[in-house]
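We did not get these values from a lab; they are worked out from the coordinates using the rules stated. Computed from a prediction, not measured in an experiment: that's the story for all the values here. Every residue, glycine among them, receives a Cβ derived from its backbone with ideal geometry; neighbour counts consider all protein chains shown.
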Amino acid sequence: MIMREHFDLGSYLQRARQTILPSLEEAAPLAEPPQGPLYVGADLGTAYLVLVVLDADRQVVAGEYQFAQVVKDGLVVDYMGAVDKLSAMKSRLEALLGRELTSAASAYPPGVPLAEVRATVNVVEAAGFTCSGLVDEPSAANYLLGVDNGAIVDIGGGTTGIAVIENGQVVYTADEATGGTHFTLVIAGAKDLSFEEAEEYKKDPSRQRELFPVLRPVMEKVASITARNLAGRKVEHITLVGGSACAQGMDRVVQQYTGIPTSIPADPLFVTPIGIALQQAYEMNSESE
């Protein structure tokens, strides 16, 4: 059973948002390096690379995320680009922390072929880490969320991953191709924008109400995928995570299609990478006991 630290999830994620930054290039080093072990989660997503560092108390002490098109539907499509970006993020985090980061855990969408899982390991290790563990993305999210009975739906850049949890154990996973990249493509077509311009447009909070009718068909596709995979299963609640869960109205559409109460935690983009780091912490501490 996955055990979660006792903390207020909303407050924890709000603090994390103040620490995980889109760029560390001008960030001042910490006054004092953190003491004790550090736990690192590396999330190689279709739209974003996220690198998160937790301290010995499982608190987020540093992190960086950046837009990157190096993975598609869970498959590494730009190996050298992924390595270069992750290596640079590692160097910036080390400069900020005043500590070397030697190992990191990572994750993969459910159902990805073993060869592609190995490619994720290769990226992490080529960036200068020892890859200390791998976990499927919805299970990683649950290291933070601590769901006992329910479903976690990870709406990533290219795919939607689903995990059903019973008594704290993941009993079913699925992953299908529809996610944030599809949102961006729809916006690009509707607004006559480049992909990069549409990505920025999508993230603008002031545009969310305007974008809802444009994005609703893709939201409904995500919702129908979720409903089909949960059909016949006893699911009390659905939690949406992943950067694309931020789209205004996403939870309402999923709830309408499934008939199951649905919620989104604060800053859903960071749930999975923090969960990856927590998984590393639990595994490393279990080995030392």
Filtering GluC sites (Glu not before Pro) in region 169-224 by DSSP loop and by at most 16 other Cβ atoms within 10 Å leaves none
Given a Förster radius of 30 Å and the C-beta distance between residue 185 and residue 118 as r, what FRET efficiency does 1/(1 + (r/R0)^6) yield to the nearest 0.05? 0.55
All lysines inside 20 Å of residue 85 as judged from Cα atoms, apart from same-chain residues fewer than 8 positions distant: 72
List, in order, the whole-Hz ³J(HN,Hα) value for each residue of region 136-150 obtained from phi through the Karplus relation with A = 6.51, B = -1.76, C = 1.60 and θ = phi - 60°; use x for Gly and Pro. 5, 4, x, 5, 4, 4, 6, 4, 8, 6, x, 6, 8, 9, x
Note: residue 91 to residue 78 extended length (0.36 nm per residue) minus current alpha-carbon separation gives 2.7 nm
Ignoring the sites themselves, what is the longest stretch of the chain with no trypsin sites (Lys or Arg not before Pro) in a DSSP loop and at most 13 other beta-carbon atoms within 10 Å? 1-232
Each residue of region 250-266 in turn: what ³J(HN,Hα) in whole Hz from Karplus with 6.51, -1.76, 1.60 and θ = phi - 60°, glycine and Pro shown as x? 4, 5, 5, 5, 4, 5, 4, 6, 9, x, 10, x, 9, 9, 10, x, 4
Hey, can you grab everything whose amide H is under 5 Å from the amide H of residue 154? Only 5+ residues off in sequence or another chain; H modelled, so Pro and N-termini drop out. 161, 162, 163, 241
Once you place label points 7 Å from the Cα toward the Cβ at residue 126 and residue 171, how far apart are they in nm? 4.1 nm
Please work out the FRET efficiency for the pair residue 212 and residue 149, using the Cβ-Cβ distance as r and a Förster radius of 41 Å; give the result to the nearest 0.05. 0.85
Exposure proxy check on 154, 8: fewest-to-most Cβ neighbours within 10 Å is 8, 154
Which of 172, 257 has the fewest Cβ neighbours within 10 Å, and the rest in rising order: 172, 257
